[in-house]
Amino acid sequence: MAFFSRLNLQEGLQTLSVLQWIPVYIFLGAIPILLIPYFLLFSKFWSLAVLSLAWLAYDWNTHSQGGRRSAWVRNWTLWNYFRNYFPVKLVKTHDLSPKHNYIIANHPHGVLSFGVFINFATEATGIARIFPSITPFVGTLEGVFWIPIVREYVMSMGVCPVSRSALKYLLTQKGSGNAVVIVVGGAAEALLCQPGASTLFLKQRKGFVKLALKTGAYLVPSYSFGENEVFNQETFPEGTWLRLLQKTFQDTFKKILGLNFCTFHGRGLTHGSWGFLPFNRPITTVVGEPLPIPRIKRPNQKTVDKYHALYISALRKLFDQHKVEYGLPETQELTII
């Protein structure tokens, strides 16, 4: 009986650790949520809104210049429960020398990118031990840093804006041994995520390659096996009212917020029930071999295309070498659109 009590407690803590993060992630890009603290200007709590705005103005550049990471927050026991919920694992195939800076490009986006978050924004899988002397920064939407409290929360974990200026600062103004982590496919790729799928939105995503050339940062491919398995995403049949409603939401979100609207579901608070918790399925992020990149102040398109092709080749190699070990069939191919 004591064993089962401990087991239930562990499962409960794991579930709560995921529950606390999902609302933060889902609402990061929602304009109404961003504005809520400032609606207080028109209430009796106006002084709180004024203080928030004053602090934001004073501290405006911090999030674009490395933020305020906290080893204490990154090492919270909470993240260990989060890791064990799936579980999540980080695998190194090659060393990363602290003499260089890196752009770690991750695929696929999945719905909520759990693998990237746990592996690079926390110490739950031991990134400081696995890649000693490397400081990771996880890129996300700029709008996150307009939200009081949430802004401080994500900065403490080493999360930074995925803007060109912020990433360039980290790769050129903070010495060496820095690694910015970018989920290259973005929200567009989130719509492609289905269990069993390995389709990436990458063919026209070349900005990260151009940034690597301008800064001389090495490109590192990484793939999170299992990321697409933790949610089921629904695409309703064409011609139905559900599909019309789905497309309306998707077009509206894209136009107003710059985000794609995913119709997804997972499990509920109990196993076998329906809800928005991810399924308990393993996610393994494999980090590949760094691709040396020359520093070119103004790279032309031909050069960008050349290194983009080299990157895709390295990514395919990484995928093919590890797909069977982490649950995909030998016949599975990486599709890039």
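Going by accessible surface with a 1.4 Å probe and the largest first, S176, S97 read S176, S97. One decimal place: the segment Q332-Q301 gains 8.0 nm when fully extended, by the rule 0.36 nm per residue minus the C-alpha distance. Local charge for P132 was computed over the other residues whose Cβ lies under 14 Å away, with Lys and Arg +1 and Asp and Glu -1, and equals +1.
Among the listed pairs K210/K323; K92/K323; K210/K302; K89/K214; K89/K174, which are separated by more than 21 Å between their Cα atoms? From the list (K210/K323; K92/K323; K210/K302; K89/K214; K89/K174), the Cα-Cα distance tops 21 Å for K210/K323; K89/K214; K89/K174. Computed with every protein chain present, the accessible area of L51 is close to 120 Å² [probe 1.4 Å].
Sequence neighbours fewer than 8 away in the same chain don't count; with that in mind, list the aspartates and glutamates whose C-alpha is under 20 Å from K297. K297 reaches D305. Spin-label model, S133/S165: points 7 Å from Cα along the beta carbon direction are separated by 3.3 nm. The residues packed around V230, meaning those with a beta-carbon under 13 Å from its beta-carbon, carry a net charge of 0 if Lys and Arg are +1 and Asp and Glu are -1. Orientation-averaged projection of the range 278-337 equals 6.2 nm² [convex hull of Cα atoms, one quarter of hull surface area]. Taking other residues whose beta carbon is less than 13 angstrom from the beta carbon of V111, and scoring Lys, Arg as +1 and Asp, Glu as -1, yields -3. Please say if the range 41-149 is rounded, prolate or oblate, where rounded means a/c under 1.5 for a ≥ b ≥ c the square roots of the C-alpha gyration tensor eigenvalues, and otherwise the choice is prolate for a/b larger than b/c and oblate otherwise? Because a/c hits 1.5 or more and a/b exceeds b/c, the range 41-149 counts as prolate. Heavy-atom accessible area, probed at 1.4 angstrom with all protein chains present, ranks Y218, Y311 as Y218, Y311, highest first.
Once the chain from T93 to K206 is taken as fully extended at 0.36 nm per residue, the excess over their C-alpha distance is 38.2 nm. Here the accessible area of the range 255-337 is 56 percent carbon and sulfur, with a 1.4 angstrom probe and all protein chains present.
R68 contributes about 90 Å² of solvent-accessible surface, heavy atoms of the protein only, 1.4 Å probe. Using a probe of 1.4 Å, the accessible surface attributed to T335 totals some 60 Å² when neighbouring protein chains are kept in position.
Straightening the chain between V50 and H265 buys 73.6 nm, computed as 0.36 nm per residue apart minus the Cα-Cα spacing.
With a/c under 1.5 counting as rounded, go ahead and sort the range 105-191 into rounded, prolate or oblate using the C-alpha gyration tensor (a ≥ b ≥ c being the square roots of the eigenvalues; past the cut-off, prolate if a/b is larger than b/c, else oblate). Rounded shape, in that the Cα axes give a/c under 1.5.
The values are calculated or read from the model by the stated rules, or taken from the named source; none is laboratory data. Here the structure is a predicted model, which means the values were calculated and not measured. Neighbour counts are summed over all protein chains in view; Cβ atoms, including those assigned to glycine, are modelled from backbone coordinates with ideal geometry. The area values use the complete protein model at the heavy-atom level, side chains included, leaving out ligands, DNA and RNA. Shrake-Rupley method; radii C 1.70, N 1.55, O 1.52, S 1.80 Å.
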